[in-house]
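Written below as structure tokens is the structure these notes are about.
The values are calculated or read from the model by the stated rules, or taken from the named source; none is laboratory data. Since the model is a prediction, treat every value here as computed from it, not as a measurement. Here Cβ is always computed from backbone atoms with ideal geometry, including for glycine, and neighbour counts include all displayed protein chains. For the accessible areas, the whole protein counts, side chains as well, though only heavy atoms, and no ligand, DNA or RNA atoms are used. Shrake-Rupley method; radii C 1.70, N 1.55, O 1.52, S 1.80 Å.
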Amino acid sequence: MNLYTRCLHCGTTFRVTTQQLQASSGQVRCGQCKQVFDAFATLTAQEPQPAAPERQTPSPTQSELPPAAPPVEKSAPTQIPVRPKERPPAVSAARPDPAASLYEWEFRMPVAPRRTGLWVSLSLLLLALLALQGAYAFRTELMVLVPQSRMYYERVCEWLGCTVGLPRLSRYLHIEASDLKAPDPARPGELELLVAVRNRAPVEQDYPAFELTLTNSQEQTIARRVFLPAEYLQWTEAADGLKAGAELPIRLFLDTGELRAANYRLYMFYP
């Protein structure tokens, strides 16, 4: 549906669309007088009609002139007076067609002032915040790729009052050897677990947790337990973390009671 609006300053009429009005909240710039006006104030769906030209007064013809007076016999002949033709009244200039300006002038939306400097500053600030967030979220990967970056993380955390934990890369932890046995055959419920874990990562890692699952002869689970570093490190002289390429020996004594385990499974992970 076509909509029409009229400039409040010069009276020029424009055809508009709802998309144009919604984009600028009705504030438009007249292409004739360059003034900004509210298009909603004169908005209408009725197409402007061209103004009807004023009717011209027809000039009197010869037939409309009064008849000439009959000749009068006088001693001296005289000319018969003839009424001169009246000049037609001046025709006033036709009023301009309000719909003619729909195609004569270009409809222009008001141009908002540019704020390039403000947008550039905000963009740079957002990029800096995004970079900091990425550096924190991927700190483990960064410390693995660039081991020297750990000292910078520690300095920043010292200033902010936080701590930097060791990397936790479970895919670099490998169980080199393990064994579950009963040292005393007279007491089959008392078992000894021996595990050797190696850190194959190029950086020092945090100590992992591991899950021990006991199964019977049909490979059915009869018991399961998770051991945290604090539970198995008390039997081992450990440093702050598992050094790169180092091997961690784990030795635990278990009391399984009446359970008779035929086999076991180990799984290393970070909680």
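Rundown of residues vs (1) among the hydroxyl-bearing types (Ser, Thr, Tyr); (2) in a loop (DSSP other than H, G, I, E, B), yes/no style:
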position: LEU193; (1), (2): no, no
position: VAL203; (1), (2): no, yes
position: TYR232; (1), (2): yes, no
position: LEU252; (1), (2): no, no
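Which numbered condition trips up ASN199, out of (1) touching a Phe, Trp or Tyr at 6+ places or on another chain (Cβ under 7 Å); (2) of a type in the set (S, T, N, Q); (3) modelled with pLDDT under 85?
Answer for ASN199: the failing condition is (3).
If MET143 satisfies all but one of (1) surrounded by 13 or more Cβ atoms within 10 Å (Cβ to Cβ); (2) in a helix (DSSP H, G or I); (3) modelled with pLDDT of 75 or more, what's the number of the condition it fails?
Looking at each condition in turn, MET143 falls short on (3).
Determine which member of the set ARG224, ARG200 is touching a strand residue (DSSP E or B) at 6+ places or on another chain (Cβ under 7 Å) and either open to solvent by less than 50 Å² (accessible area, probe 1.4 Å) or in contact (Cβ under 8 Å) with a residue 24 or more places away in the chain (or both).
ARG200
Of the conditions (1) assigned to a loop (DSSP other than H, G, I, E, B); (2) open to solvent by 40 Å² or more (accessible area, probe 1.4 Å), SER178 fails just one. Which one is it?
(1)
State whether the residues of region 262-269 include one that is open to solvent by 40 Å² or more (accessible area, probe 1.4 Å), more than 27 Å from GLN148 (Cα to Cα), at pLDDT below 95 and touching a helix residue (DSSP H, G or I) at 6+ places or on another chain (Cβ under 8 Å).
Taking every residue of region 262-269 in turn, none turns out to be open to solvent by 40 Å² or more (accessible area, probe 1.4 Å), more than 27 Å from GLN148 (Cα to Cα), at pLDDT below 95 and touching a helix residue (DSSP H, G or I) at 6+ places or on another chain (Cβ under 8 Å).
I'd like to know if region 228-236 contains one or more residues that are closer than 17 Å to SER170 by Cα, in contact with a Pro (Cβ under 8 Å, 6 or more places away or on another chain) and open to solvent by 30 Å² or more (accessible area, probe 1.4 Å).
Within region 228-236, one or more residues are closer than 17 Å to SER170 by Cα, in contact with a Pro (Cβ under 8 Å, 6 or more places away or on another chain) and open to solvent by 30 Å² or more (accessible area, probe 1.4 Å).
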